[in-house]
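To keep things clear, I will list the structure first and then write my remarks on it.
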Amino acid sequence: MKRASSFFLFPLLLVFFIACNEKEEPKSPLIGTWESKVFVDSLNYWVIETLEFTSDSTFNIQTTVRLTEGGDDLGYRNILMGDYTLNGLDFIYFIEEGFRMSRFYTTSEPPFYVPKDELRPFLVDFSEPNGPTELIFSEGQNQMEISYGCPSFDGICPITKIYVKRN
């Protein structure tokens, strides 16, 4: 009987030993939720840009507006979704779907934000990736700088945005 139980116990221990020794692939520092918070003095609003990166190389970006830095969102400016690749510090992304505030308003002064259900889809050019864009992570990987290249259509761009990791 001892010999029969050893016969079944050995393979079980071998499988357990191999499973425990397999190394997990390191998690990308990009995966998670990141926020950039900017106070717009002239409007007296906080503009919050939230980036969510998943391990399956997809991302969501949403820009919302708040009265206080940690308060509730009043409304949305846009939502973008797509795929990304990260090769070292080079970040290349494809925006596949986007929603933004409509450009047509009945008032002379367009709103600064709208409810989520009032965002409208917009045409996205799938032919070219965005980037490469450089990412720089802080030593503890809880802060990230994104250095964007200027879009060719207007030349106005943020040179660097700083994001703090939420989770």
Suppose R0 equals 35 Å. What FRET efficiency, 1/(1 + (r/R0)^6) with r the Cβ-Cβ distance, do Asp56 and Phe112 give to the nearest 0.05? 0.55
Taking a crude spin-label model, label points 7 Å out from Cα along the C-beta direction, the Ile162 to Ser138 distance in nm is 0.8 nm
Between Asn87 and Leu123, what's the calculated FRET efficiency when r is the beta-carbon distance and R0 is 45 Å? Round to 0.05. 0.95
Given the whole protein assembly as supplied and a 1.4 Å probe, what does the accessible area of Lys116 come to in Å², nearest 10? 120 Å²
Enumerate the calculated ³J(HN,Hα) couplings along the stretch 81-90 in order (Karplus 6.51 cos²θ - 1.76 cosθ + 1.60, θ = phi - 60°), each rounded to whole Hz, writing x wherever the residue is Gly or Pro. 9, x, 10, 9, 10, 10, 10, x, 9, 7
Under the rule of at least 5 residues apart or a separate chain, name every residue whose amide H is placed under 5 Å from the amide H of Gly75. Val65
Amide H contacts of Ile95 (H built 1.01 Å from N, under 5 Å, at least 5 apart or other chain): Asn130
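The values are calculated or read from the model by the stated rules, or taken from the named source; none is laboratory data. Since this is a predicted model, take the numbers as computed values, not measurements. All Cβ positions, glycine included, derive from the backbone under ideal geometry; neighbour counts span all protein chains shown. Each accessible area value is taken on the protein alone, full model and side chains, heavy atoms only, with ligands, DNA and RNA left out. Shrake-Rupley method; radii C 1.70, N 1.55, O 1.52, S 1.80 Å.
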